[in-house]
Amino acid sequence: MRILVTGAAGLVGSELASIAGHEVVSLTRAELDIADRHAVDEVFGAHFPDAVINCAADSDVDRCEREPSWAMLA
């Protein structure tokens, strides 16, 4: 089973990627912007994951509160 983990540079994503026990494709924010549909389609086309664990998140709470439309992109 091939598992794609987004947000792999974060605390949760990095831990999950290390203990998944299957073939894991770990992607960081620099490698995949989950708000970019075209980029997501390319990654799925290149890796054909059987499962996706989305650990991507933003920790800028103040910006999320100021810009709710930006926060909803991810």
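The values are calculated or read from the model by the stated rules, or taken from the named source; none is laboratory data. Keep in mind it's a predicted model, so treat the numbers as computed, not measured. For the accessible areas, the whole protein counts, side chains as well, though only heavy atoms, and no ligand, DNA or RNA atoms are used. Shrake-Rupley method; radii C 1.70, N 1.55, O 1.52, S 1.80 Å.
Side notes on the structure shown:
- Under 5 Å, built H, 5+ apart or other chain: amide partners of Val24: Ile3
- Solvent-accessible area assigned to carbon and sulfur over the chain amounts to 55 percent, based on a 1.4 Å probe.
- Amide proton proximity set for Val52, modelled H, under 5 Å, gap of 5+: Leu4
- Degrees, to the nearest 10: 37-47 long Cα axis against longest axis of the chain: 10 degrees
- In order along the range 18-27, the phi-based Karplus estimate (6.51 cos²θ - 1.76 cosθ + 1.60, θ = phi - 60°) of 3J(HN,Hα) comes to 6, 10, 4, x, 10, 5, 10, 9, 9, 10 Hz; Gly and Pro are listed as x.
- In order along the range 59-70, phi translates into HN-Hα couplings of 9, 7, 4, 4, 5, 4, 6, 6, 10, x, 5, 5 Hz, rounded to whole numbers, per the Karplus curve 6.51 cos²θ - 1.76 cosθ + 1.60 with θ = phi - 60° and x for Gly and Pro.
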